[in-house]
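Q: Mind looking over this structure? Questions follow.
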Amino acid sequence: SQQGEEDPQALSIQEGENATMNCSYKTSINNLQWYRQNSGRGLVHLILIRSNEREKHSGRLRVTLDTSKKSSSLLITASRAADTASYFCATDAITGGYNKLIFGAGTRLAVHP
Amino acid sequence: DAGVTQSPTHLIKTRGQQVTLRCSPKSGHDTVSWYQQALGQGPQFIFQYYEEEERQRGNFPDRFSGHQFPNYSSELNVNALLLGDSALYLCASSWGRDHTQYFGPGTRLTVL
């Protein structure tokens, strides 16, 4: 079974708008990562946030982590048509230090020109 | 610097057959993980190889097996294929205890 759950399942916005995606998980984690997937191909790593961090930025991406609520959010600012993709959160559960990723079902983002 | 590569890109098999998928990790990486992604779902962890041994395994039957070679490349074997095995199979590589995994483009398996 999958640990993470993304919300919403699908999001449709106009270019220039911001997109916010949320992720909830169930067990304690070492870190949480966000990935992007275009057209059912390979996943591209976007950002990793550790369990002792609350916020992290990378370019137009902002990720927050609230371990007390077991939730994370990904904000994409000033979206572009090229941001159209599926976005997944993945948790790296505490399993002896081995990095087994547990993915949610993803949010499908559509950015319209 | 080549990233993670997988072969073949697409594969069509019939029920009961066996299939082998291949993965070459990113240069410098020593750990390979395999994931299965059904249509519309997130990837699910199958197993992970390090130093030519299976280190972790997800909830997949023994029909799914793997191997890692001395050059860190890996194979995923699936026996007695079922229709439900149709999916995108993703390989990811990482190094040591670096938690970032780099994914290949995947192999699309269709079982008829």
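Q: Among B:PRO43, B:PRO61, B:PRO25, whose mean-square fluctuation peaks in a Gaussian network model of chain B (Cα, cutoff 10 Å)?
A: It is B:PRO61.
Q: Can I ask one more? Can you give the mean number of other chain Cβ atoms that lie within 10 Å of the Cβ atoms in peptide A:100-109?
A: If you average over the peptide's residues, the count of other-chain Cβ atoms is 5.
Q: Now a separate question. Springs between alpha-carbon atoms under 10 Å, Gaussian network over chain A: tell me which of A:SER79, A:SER24, A:SER39 tops the mean-square fluctuations.
A: Per the Cα network of chain A with a 10 Å cutoff, A:SER39 tops the list.
Q: Of B:ASP30, A:ASP66, which has the most accessible area with a 1.4 Å probe, and how do the rest follow in descending order?
A: So, going from the largest accessible area down, we get A:ASP66, B:ASP30.
Q: Starting from 0 in steps of 5 Å, tell me what percent of the Cα-Cα pairs of region A:5-112 lands in each bin.
A: Over region A:5-112, the share of Cα pairs per 5 Å bin runs 2, 13, 25, 25, 19, 9, 4, 1, 0 percent.
Q: Structure shown: which of A:LYS26/B:LYS26; A:LYS69/A:LYS100; A:LYS69/B:LYS26; A:LYS100/B:LYS13 lie over 24 Å apart, alpha-carbon to alpha-carbon?
A: A:LYS26/B:LYS26; A:LYS69/B:LYS26; A:LYS100/B:LYS13, as the Cα separations exceed 24 Å there.
Q: Compute the label zone of B:ASN79 within region B:20-36: residues whose backbone N is under 16 Å from the point 7 Å along Cα-to-Cβ.
A: B:20-21
Q: For region A:31-93 and region B:35-112, what is the separation of their C-alpha centers, rounded to whole Å?
A: So the two Cα centres are separated by 22 Å.
Q: Report Rg(Cα)/(2.2 N^0.38 Å) for chain B, keeping two decimals.
A: Normalised Rg, Cα atoms only: 0.99.
Q: Averaged over its residues, how many other protein chain Cβ atoms are within 10 Å of peptide B:29-36's Cβ atoms?
A: Neighbouring Cβ atoms belonging to other protein chains average 1 per residue here.
Q: Out of the trypsin sites (Lys or Arg not before Pro) in region A:19-100, which ones are loop residues according to DSSP with at most 15 other C-beta atoms within 10 Å?
A: Counting only loop positions with at most 15 other Cβ atoms within 10 Å, the trypsin sites (Lys or Arg not before Pro) in region A:19-100 are A:LYS26, A:ARG54, A:ARG60, A:LYS69, A:ARG80.
Q: Follow-up question, since we're still on this one. Between the DSSP loop rule and a limit of at most 14 other Cβ atoms within 10 Å, which trypsin sites (Lys or Arg not before Pro) in region B:18-68 are left?
A: Taking region B:18-68 and a limit of 14 other Cβ atoms within 10 Å, the loop trypsin sites (Lys or Arg not before Pro) found are B:ARG63.
Q: Right, another one. Enter the mean number of other protein chain beta carbons within 10 Å of the beta carbon of each residue in A:34-41, as an integer.
A: Mean inter-chain Cβ contacts per residue within 10 Å come to 3.
Q: Of A:THR84, A:THR27, A:THR67, which has the largest mean-square fluctuation in a 10 Å C-alpha GNM of chain A?
A: A:THR27
Q: Same structure, new question: Given a cut-off of under 8 Å on Cα pairs at least six residues apart, what relative contact order in percent is computed for chain B?
A: Reported as a whole number, the value is 37 percent.
Q: For the protein assembly as shown, take the alpha-carbon Rg, divide it by the Kirkwood Rh, and send me Rg/Rh.
A: When Rh is taken as the Kirkwood radius, the ratio is 0.97.
The values are calculated or read from the model by the stated rules, or taken from the named source; none is laboratory data. None of these values were measured; they are calculated from a predicted model. Virtual Cβ from ideal backbone geometry, glycine too; neighbours counted across all protein chains shown. These accessible areas exclude ligands, DNA and RNA; they are computed on the full protein's heavy atoms, side chains included. Shrake-Rupley method; radii C 1.70, N 1.55, O 1.52, S 1.80 Å.
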